[in-house]
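> Here you go, one structure.
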Amino acid sequence: MRIAVTSQNYRTVTGHAGRARRFIVFEADGQKPSREVERLDFDADMAIHGFDHRAAHPLDSMNVLITGGAGAGFIEHLAARGVLVVATEESDPGMAVEAFLAGRVKPASEGCNHDHSDPGDDDHAHSGEQGHTCNCHG
């Protein structure tokens, strides 16, 4: 299994996945702990936010993408490419991967436990900012 983690600084899990250009890639086979195998550093035109979705993308080879936050469009675009998007509050990339593999991190559209009826809920409008990472669809 190939797992990419958004990490603009290659040290911590970062958010704004649609604009992310740097990723740490891990491989896991279920028999031994995951290991870092690659680092991706894309040009600005390769960020998913502005990418031509009809073309192939390097993230297509991933099974899972772990991020600190992603919008619904990003989640849908990657799902169409067969990539599961997972949001985490974990800051260490390796620990985030291990938490996912242990089943402690859920897909980005699961696990929301707050009220969507408040139109002034700015945290929801900017998922991933100020600690909000559920990425649920209100």
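> Ordered by residue, what ³J(HN,Hα) values in Hz, to whole numbers, does segment 2-19 give under the Karplus form 6.51 cos²θ - 1.76 cosθ + 1.60, where θ = phi - 60° and Gly and Pro are x?
Karplus values, whole Hz, x for Gly and Pro: 9, 10, 9, 10, 5, 7, 5, 10, 6, 10, 10, 6, 10, x, 6, 4, x, 9.
> OK, next. Normalised by the empirical 2.2 N^0.38 Å for globular proteins, what value does the Cα Rg of segment 1-79 take?
It is 1.05.
Every read-out reported here was derived from the displayed coordinates using simple, explicitly stated rules and does not represent laboratory data. Because the structure is a prediction, the values reported are computed rather than measured.
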